[in-house]
Structures are given as structure tokens and as C-alpha cells.
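Presented below is the structure to which this report refers.
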Amino acid sequence: MNFKSILKNHTELEESIENIIQYGQEIIADLPYREKKTAKEKRMLLEALLIRACALWERFIEKELILSVCLDTNKLIKEIGLPERAKLNTKLIKAILFSDHYRDFHNVERSIGFFKKIIEDTYNPFTLLTKTQKQKLDFNYKMRNYLSHYSDFSQRKLYNDYNRLYDYKKFMEPGNFLLKNNGKHFEDLINNFNLMSARMRQKFK
């Protein structure tokens, strides 16, 4: 296993995120060659793009986790109690981590804590994420969770971050937030996925 597969994983994510940003910008800007969207349609489309970006991030993280562990399997072998000389490849690692257990990466700090248990420090790209990047990712998932459930609990969690991070005193639907200031929030939050990828990629130079 070399870094080639890992770097390909990063490239695929970053290209997909760039496409989402470009499409979002075109929706917001009402470009002449695109059919005009109402404000309601724009809000709904931006919400859908946010959910898609989160899904792409989760797929990226699953691959990154498997490939990073494969570079040195010692921690995983010790964590699950396998014989020290056990030989693991990507298929076996994926089976061990995901075949009998549903894992999500919505809670940033909990996920990073789990990764530290099974990825050797030398190859753990998650340790490079900045506080701001993790904070934005956490906010993305609070918005995503609200859009997925529309529960009172998820609404309170999202409102708390509106107030704490942006000093907004009233709750607003995610589409309104993402469209605000000509899509500034949308671009900032979606681009954070690429900033995290670029930061993590430094581990494999």
C-alpha cells in the first residue's frame, strides 16, 4: 500500500466538492444560460447540495480510514485482539470496521477519538484538522441533522450554533441561512470540506 490510493481519494472528493460549489454559485447568481429559480427553489437546492456534500465527506472518510489503517495495521490488530502476525488488507480492514457495525462520523471529536485508537500516529491525517475546520464540520452536521429530522432537539442544537457562531438571534431555516449574503455561508461551509482534505493530505507528502 502506498500513498497513491489515498491521494486519489482526496482528488475525487475535492473535484466533487468543487462541482457542488460551482453549481451552487450558478443557482445563486441567476446566470443567463440557466433557468431562473425562485428564492424558494434556491433555498431547497442549496439544502440538497449541503446534504450531498456531507454524504461525499462520509464516503471519503470511510475510504481514508481504511487506507490509513492499511499503511500500518498494528494499532487495529491490538485494538481488536488479533494475533500480532495477522496480515490485513483493505478488504479485511473494511470488513472488520464496517461489516457488523454501523458507523457514522457526525460527531467530529468522537470520530477523531476513534481514529486515534486504530490509526498509527504517523499516518493519522485527522490530527491535522484545525479547530475552525472541525467547528465548521460540526455545524454542517447540525444543519444536516435538522434537515434529516426536523425535530425540536435538532432545531435547538442548530439555533444554538446560529447564535454562538454567527450572533443570529432568531432561528432561520437552513436554506435561508445558506442563501444569505449572496450565498456567502453556503460557499464557506461547503469549501471547508476541501480545506480539510488539503490539510489532511499533508500527512502523505
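Remarks
- Each Lys and Arg adds +1 at its Cβ and each Asp and Glu adds -1 at its Cβ; summed about the Cα centre, the chain shows a dipole of about 260 debye.
- Shown here are the Rg and Dmax of the Cα trace of region 120-205, at 14.9, 45 Å.
- Its Cα centre serving as origin, region 1-82 has a Cβ charge dipole (Lys and Arg +1, Asp and Glu -1) of approximately 160 debye.
- Per-residue HN-Hα couplings for region 189-200 [Karplus 6.51, -1.76, 1.60; θ = phi - 60°; Hz; x = Gly/Pro]: 6, 6, 5, 4, 4, 6, 5, 5, 4, 4, 5, 5
- With θ taken as phi - 60° and the Karplus curve 6.51 cos²θ - 1.76 cosθ + 1.60 applied, the whole-hertz 3J(HN,Hα) list for region 125-131 is x, 5, 6, 8, 5, 7, 4 Hz, x standing for glycine and proline.
- Given charges at Cβ of Lys, Arg, Asp, Glu: the chain dipole, positive-most of 140, 183, 165: 165
- Between 198, 86, 60, the Cα set farthest toward the positive side of the dipole of region 4-204 (charges on each charged residue's Cβ, about the Cα centre) is that of 86.
- Sparse-neighbourhood loop sites, chymotrypsin sites (Phe, Trp or Tyr not before Pro) in region 37-132 - DSSP loop, at most 14 other Cβ within 10 angstrom: 102
- A dipole drawn for region 4-204 from +1 and -1 charges on Cβ atoms has a positive end, and of 27, 108, 125 the residue lying farthest that way is 108.
- Long-range Cα-Cα pairs in the chain (distance over 21 Å), rounded percent: 57
- In sequence order, region 97-110 has phi-based couplings of 7, 10, 5, 10, 8, 7, 10, 10, 10, 6, 8, 4, 5, 5 Hz under the Karplus curve 6.51 cos²θ - 1.76 cosθ + 1.60, θ = phi - 60°, and Gly or Pro positions carry x.
- Residues of type lysines that residue 8 reaches as a straight line, Cα spacing below 23 Å, ignoring anything fewer than 8 places off in the same chain: 63, 91, 94, 116, 134, 203, 205
- Rough spin-label spacing in nm, given labels placed 7 Å along Cα→Cβ, for residue 85 and residue 41: 6.6
- Treating r as the C-beta distance of residue 29 and residue 121 and R0 as 41 Å, the FRET efficiency rounds to 0.40.
- Mean separation of Cα pairs under 8 Å and 6 or more residues apart, divided by the residue count, gives region 4-204 a relative contact order of 34 percent.
- Estimated at 0.36 nm per residue, the fully extended path between residue 110 and residue 188 surpasses their Cα-Cα distance by 25.7 nm.
A short reminder: the numbers here are calculations on the coordinates, not readings from a lab. The structure displayed is predicted, hence computed values, not measured ones. Every residue, glycine as well, gets a Cβ built from its backbone with ideal geometry; the counts of neighbours run over all protein chains shown.
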